[in-house]
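We did not get these values from a lab; they are worked out from the coordinates using the rules stated. Computed from a prediction, not measured in an experiment: that's the story for all the values here. Neighbour counts run over all protein chains shown; Cβ positions are idealised from the backbone, glycine included.
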Amino acid sequence: MKNWKAAGRAAAMTLACAGLGGPLAQAQEAGDTYGTGSTTDHVLQAYAFEVFSGDGANTTVNGFRARACNVGSCAYVAPVMLPAGAVIEALQLEACDTNAAGVVTAGLYRQVQLEAAVVTLAGPVSTGATPGCAFFTATLAPPHTVNNDDGTYAVEVFITGGSLSTRFQAVRLVYRLQVSAAPATATFPNDVPTSHPFFRFIEALAAAGISGGCSAGSYCPDSPVTRGQMAVFLATALGLHFPN
C-alpha cells in the first residue's frame, strides 16, 4: 500500500490526457445527477486500474472488460478524482467469485502527504466465500468529505487465488455534492448579514467568483435578475468553454 500514489498519479495523467479528469466529464460518463441532497456513483471501471503488483490478467464479463489475476495474488490501483467538498458515503465492489480459493477485496484510501501513512476510509470489502457475481458494499461511517488540498485518494483492489473466475468489473463510490459551510463574516453585510436565510448560498456564489454583488457590501438579494446577468451566473458557475 505504501507506494500506490505514484501508480495513481500515472493513471490520473492518462485520464486527464483523455479529457476525463473533470467532474463534469465524470458526471456525463456516469450519468450523475448534481444536487446537494441526491447521491450518485463515481464509477471506476476495471480497465482504469493500473496493475500495481502480481501477474495481472484481462478478461471480459458479458462483453465488458474486467480484471483478474493469472497466478497467486495481484493488486490494482486507480486514482479517485472527485471535486473537493464531495461527500463519499459508500464504496461498492462489482465482482465475480466462483473460485473457492479466490477472493476479491477493495478499499478506499487517503494519503495526506507522500511520506505519511495511508489511511483506510472504506473497506476492505470482500467477496468472501459468496460464489457468483454480485455487488459488495462498505458504508463510510461517518461519510467522508473530500479534501483535495490536504490529501490524495485512491481505490485499491486485491485479488487472491489466480483464476479468471475470480475477477472484478468496477468499483463505485457513492457520493453527493454539498454547498460549503457558511463563513463567520459576511461578504455583503449591508443586505445579507450572517442571519439572512440565504447567507450560506450567497456566500458560496461570492467565494466561487460567480457574483460580486450589486455594489460595495451589497448583494441586492431581492432584486430581479436580467437574462444577461443570468448568462454570467450560469456560464461562470458551469465553467462553460468552447473553441473559438
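Structure above, values below:
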read-out: Gain on full stretching of the segment that runs from A84 to T226 - 0.36 nm per residue minus C-alpha separation; value: 48.0 nm
read-out: Pairs of alpha carbons in the stretch 179-244 whose separation is greater than 16 Å (percent); value: 48 percent
read-out: From phi via Karplus (6.51, -1.76, 1.60), per-residue ³J(HN,Hα) for the stretch 179-195 in Hz, x at Gly/Pro; value: 7, 4, 5, 5, x, 7, 10, 8, 6, 10, x, 5, 9, 10, x, 4, 8
read-out: Length-normalised contact order for the stretch 179-244 - Cα pairs under 8 Å, 6+ apart - percent; value: 30 percent
read-out: Built amide H within the under 5 Å cut-off of Y219, gap 5+; value: D191, V192, C214
read-out: Förster radius 45 Å - calculated FRET efficiency between V71 and F242, Cβ distance, rounded to 0.05; value: 0.35
